[in-house]
Amino acid sequence: MQFTVAIDGPAAAGKGTIARAVARRFGFAHLDTGLLYRAVGRRVLDGTPADIAAATLKHRDIVRDDLRTPEVSNAASQVAALPEVRAALVLFQQDFAQRDGGAVLDGRDIGTVICPDADVKLFVTASAEVRAHRRWLELCEAGHAVDEAQVLTDVKERDARDSTRKDAPLRPAADATILDTSEMPVEEAVETAIMHVAGELGEQT
């Protein structure tokens, strides 16, 4: 069975948490496509040209433990705006989406570019202030000394970059269901997403 769930949204909106929960509930494979761009960004910071880093990306690059720093986050957003990088990674993502047994992909252009015919499309969002606070807490818990005001600035700058880039800008698909998690408990957001998927599968939640 092929069944694709596309979950898009800006940084720290909760799309990864929702995607992992949906994948667990239905036994689908999950791909955090942001890790692909983070891995490319990390390799660029290490000195590899962006187009080569994307074209030669390996599994070991995606599972590194240093991909969630603010520096890598900014690098990922910058390389994601490069058409040659996006082109190199599109096929990888589309192949993953078509695997047997179902797939959940979360990112920024899954429902609009990578999987425009996905069976379920969700766009998870929240206010910049809420997302910045969440990201700040994550970074503090990971041992990074960061200023929350600077994190908010970084979030807003990344939003602007992602939503105005020429190639595959961040935006909800026309037929996506919007989930605003600014004041929504994560349990409610997960349950709402699961209900949408179950409905398309003809299952009861």
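Side notes on the structure shown:
- Across region 157-190, the number of residues qualifying as among the charged types (D, E, K, R) and surrounded by 15 or more Cβ atoms within 10 Å (Cβ to Cβ) comes to 7.
- Pairs with Cβ under 9 Å, 6+ apart, first in region 182-205 and farther than 27 Å from GLU129 by Cα, second among the hydroxyl-bearing types (Ser, Thr, Tyr) and not in a loop (DSSP other than H, G, I, E, B): HIS196/THR177
- Of the residues making up region 27-54, just one is under 19 Å from ASP65 (Cβ atoms), out of contact with any strand residue (DSSP E or B) (no Cβ under 9 Å at 6 or more places or on another chain) and touching a residue at least 40 places away in the same chain (Cβ under 8 Å), namely VAL40.
- Condition check for GLU200: surrounded by fewer than 15 Cβ atoms within 10 Å (Cβ to Cβ), outside any loop (DSSP other than H, G, I, E, B) and not basic (Lys, Arg): yes
- Selection status of ASP167, within 22 Å of ALA103 (Cβ to Cβ), in contact (Cβ under 8 Å) with a residue 40 or more places away in the chain and either among the hydrophobic types (A, V, I, L, M, F, W, C) or in a loop (DSSP other than H, G, I, E, B) (or both): no
- Within the option set ARG64, ARG60, being out of contact with any helix residue (DSSP H, G or I) (no Cβ under 6 Å at 6 or more places or on another chain), part of a helix (DSSP H, G or I) and either farther than 25 Å from LYS156 by Cα or among the hydroxyl-bearing types (Ser, Thr, Tyr) (or both) holds for one residue only, ARG60.
- For first residues located in region 1-23 and farther than 18 Å from ASP175 by Cβ, partners that are buried (at least 24 other Cβ atoms within 10 Å of the Cβ) and of a type in the set (S, T, N, Q) and lie 6+ apart or on another chain with Cβ distances below 7 Å form the pairs ALA13/THR181; GLY14/THR181.
- Residue that is modelled with the lowest pLDDT [pool: residues in region 33-50 that are of a type in the set (Gly, Ala, Ser), surrounded by fewer than 24 Cβ atoms within 10 Å (Cβ to Cβ) and assigned to a helix (DSSP H, G or I)]: GLY34
The values are calculated or read from the model by the stated rules, or taken from the named source; none is laboratory data. Keep in mind that this is a model prediction, so the values were computed, not measured. Virtual Cβ from ideal backbone geometry, glycine too; neighbours counted across all protein chains shown.
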